[in-house]
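Have a look at the structure below before the remarks.
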Amino acid sequence: MPNDGWITELAEVHLQTHDLHHRHVILNLCLINDVAFLREVSRDWTEKRLRYDGQKPEFNWIAIYNFNVSENAHAFAIKQGSRTEAVMLVKDGHVVRCDRIHRPPAVYVSFVEVALWNRADTPPELRLRGVGTAILRAACDLSMQRGFYGRVGLHAIAAAEGFYRRLGFEAYDCPNEYNEIYYELSERGAEALL
């Protein structure tokens, strides 16, 4: 599994899972310092996904990470011990153009994924619930720190749109090249999420 020198622990994340055991779990929010960490997690998750359903993950995290490398780009992970539960790549101060109008600067989520075993279609006794919400809170917190009032934006795949709406994200008519709808968490939505 990934070398601990590739990450910096930022905070503890406490989750009360909603599985059959209602366990209280302490996870660690980490800042990823090296693309090697993402390579290792990608390899591990790909192997597990292939064994589970024969499918390869849809996205190439490494390409996305390398494309977004800049002083305004950050990569986060949520870990439980040595196991990575979620990964997120963000840019702070990103401006999205909608209908010839520029949205205010926000933290833009370029990529977010929870581990296969934490997805809603996984049996409840095997998953940690709330991991996706917890990692998006990190983006919201970064937005507050950067003076963007908690605004977080992203383009959502169709399967995740309901999840983002439940968290308070609002849809805007500015699809990307993949025809994914742009969602943004407002200041009021950020207050509720945090």
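Is there a residue in region 148-155 that is modelled with pLDDT of 90 or more, in a helix (DSSP H, G or I) and among the β-branched types (Val, Ile, Thr)? Even if it seems obvious, please write down each step before you answer.
The initial filter retains those residues of region 148-155 that are modelled with pLDDT of 90 or more, namely 148-155.
From what is left, the residues that are in a helix (DSSP H, G or I) are none.
Within region 148-155, none of the residues are modelled with pLDDT of 90 or more, in a helix (DSSP H, G or I) and among the β-branched types (Val, Ile, Thr).
Can you tell me which residue in region 114-136 is nearest to the chain's Cα centre (by Cα), limited to those that are closer than 21 Å to Ile181 by Cα and in contact (Cβ under 8 Å) with a residue 60 or more places away in the chain?
Ile135
Being surrounded by fewer than 12 Cβ atoms within 10 Å (Cβ to Cβ), within 20 Å of Pro105 (Cβ to Cβ) and not acidic (Asp, Glu) is the filter here, so list the residues in region 141-175 that pass it.
Hits for region 141-175 are Gln145, Gly147.
Go through region 156-180 and give me each residue that's more than 13 Å from the chain's Cα centre (by Cα), small (Gly, Ala, Ser) and part of a helix (DSSP H, G or I).
Within region 156-180, Ala158, Ala159, Gly162 meet the criteria.
Answer yes or no: is there a residue in region 51-69 that is over 16 Å from the mean Cα position of the chain (by Cα), open to solvent by 70 Å² or more (accessible area, probe 1.4 Å) and modelled with pLDDT of 85 or more.
yes
Given the conditions (1) in contact with an Asp or Glu (Cβ under 9 Å, 6 or more places away or on another chain); (2) surrounded by 14 or more Cβ atoms within 10 Å (Cβ to Cβ), report the number of the one that Ser82 does not fulfil.
(2)
All but one of (1) hydroxyl-bearing (Ser, Thr, Tyr); (2) modelled with pLDDT of 85 or more; (3) not in a strand (DSSP E or B) hold for Thr84, so report the exception by its number.
Failing condition for Thr84: (3).
Surrounded by 12 or more Cβ atoms within 10 Å (Cβ to Cβ), modelled with pLDDT of 85 or more and assigned to a helix (DSSP H, G or I): does that describe Asp92?
Details: surrounded by 12 or more Cβ atoms within 10 Å (Cβ to Cβ): yes; modelled with pLDDT of 85 or more: yes; assigned to a helix (DSSP H, G or I): no.
So Asp92 does not fit the description; no.
The values are calculated or read from the model by the stated rules, or taken from the named source; none is laboratory data. Quick caveat, the model's predicted, so the values are computed rather than measured. Here the Cβ is made from the backbone with ideal geometry for all residues, glycine too, and neighbour counts use every protein chain on show. The accessibility values were calculated without ligands, DNA or RNA, using every heavy atom of the protein model including side chains. Shrake-Rupley method; radii C 1.70, N 1.55, O 1.52, S 1.80 Å.
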